[in-house]
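Participant: Before I ask anything, here is the structure I am working with.
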Amino acid sequence: MPETDRSDLEHRNGEFRYLSLIGGLFVATLLISNTTAGKPWEVGKFVFPGGSILFPISYIFGDVLTEVYGYARSRQIIWTGFLANVLMAFVYLAVIALPPAKFWRNQEAFALTLGQVPRIVLASFVAYLIGEFANSFVLAKMKLWTRGRHLWARTIGSTIVGQALDTFTFVTIGFLGVWPAKYVVFTGMSLYAFKVLYEIAATPATYAVVRFLKKREQIDYYDVDTTFSPFLWGSHR
């Protein structure tokens, strides 16, 4: 098995030149996707939330993080994204609840745009954690099984698993019992197919980014001795 991970970098996490950038972009895609999710858009008979044009990119970032830097570092950024989403949701609720200035006439539009239904928030949080951790776990394990070969199989395979759990957890918690069951299934299948096709289309870009990072960072981490519990923090193995 090829191994270019440098042990002297284990305690110098901050010296990775691009880890903070990739992690920051990962969190940004989550926040933007949740903020824009309220606007549906339509293609033929298919309806998608606005955030769907960006949210699948978070899985690409997740693939890159795990493939290059390992599961443990990816786990830290997944939890960072979750906490950022929680903070955003509470701040939105707090700002909406503040009494608007007398001259301001956009309170209803502001609340309608940024206000979030608690059930949808819960569905989003649960689906995100399950999907992202499944995606990272599957990719890390497949890297060991394939001995680092066939990156395309790892990125697509992990997305097939992660997005399935994410998408169907979200629509089940968010809409089952509110929408007719057939529409819940149809929406879930449409979103799932869209996200997986998105990942497949982005495979060449993923290859280019992974190749660039491995060369510049001089790391290609294999999770041989990693503890895969999602409930650890930082780079604990």
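Participant: Any residue at all in region 174-186 that is buried (at least 16 other Cβ atoms within 10 Å of the Cβ) and either within 30 Å of Gly70 (Cα to Cα) or in contact with a Ser or Thr (Cβ under 6 Å, 6 or more places away or on another chain) (or both)?
Facilitator: No: region 174-186 contains no residue that is buried (at least 16 other Cβ atoms within 10 Å of the Cβ) and either within 30 Å of Gly70 (Cα to Cα) or in contact with a Ser or Thr (Cβ under 6 Å, 6 or more places away or on another chain) (or both).
Participant: Kindly provide the set of residues from region 60-71 that are part of a helix (DSSP H, G or I), over 12 Å from Phe133 (Cβ atoms) and not charged (D, E, K, R), ordered by number.
Facilitator: Answer for region 60-71, where residues must be part of a helix (DSSP H, G or I), over 12 Å from Phe133 (Cβ atoms) and not charged (D, E, K, R): Ile60, Phe61, Val64, Leu65, Val68, Tyr69.
Participant: Turning to a different aspect of this structure: When you go through Ala101, Ala109, Ala94 one by one, which is the residue that is surrounded by fewer than 14 Cβ atoms within 10 Å (Cβ to Cβ), among the hydrophobic types (A, V, I, L, M, F, W, C) and part of a loop (DSSP other than H, G, I, E, B)?
Facilitator: It is Ala101.
Participant: OK, next. Could you tell me which residue of region 20-36 is nearest to Leu93 (Cα to Cα), considering only residues that are without any contact (Cβ under 8 Å) to a residue 24 or more places away in the chain and hydrophobic (A, V, I, L, M, F, W, C)?
Facilitator: Among them, the one singled out is Ile32.
Participant: Scan region 127-162 for residues that are β-branched (Val, Ile, Thr) and part of a helix (DSSP H, G or I) and jot them down.
Facilitator: Scanning region 127-162 gives Ile130, Val138, Thr155, Ile156, Thr159, Ile160, Val161.
Participant: Which numbered condition trips up Arg73, out of (1) out of contact with any strand residue (DSSP E or B) (no Cβ under 7 Å at 6 or more places or on another chain); (2) of a type outside the set (Gly, Ala, Ser); (3) open to solvent by 50 Å² or more (accessible area, probe 1.4 Å)?
Facilitator: Going through the list (1) out of contact with any strand residue (DSSP E or B) (no Cβ under 7 Å at 6 or more places or on another chain); (2) of a type outside the set (Gly, Ala, Ser); (3) open to solvent by 50 Å² or more (accessible area, probe 1.4 Å), Arg73 breaks only (3).
Participant: Additional query: Please enumerate the residues belonging to region 34-61 that are closer than 16 Å to Ala84 by Cα and under 10 Å from the mean Cα position of the chain (by Cα).
Facilitator: Selection gives Phe55, Ser58.
The values are calculated or read from the model by the stated rules, or taken from the named source; none is laboratory data. Note that the structure is predicted; figures quoted are calculated from it, not measured. FYI the Cβ positions are ideal-geometry reconstructions off the backbone, even for glycines, and counts take in every protein chain you see. Calculation scope for accessible area: heavy atoms of the full protein, side chains included, ligands and nucleic acids excluded. Shrake-Rupley method; radii C 1.70, N 1.55, O 1.52, S 1.80 Å.
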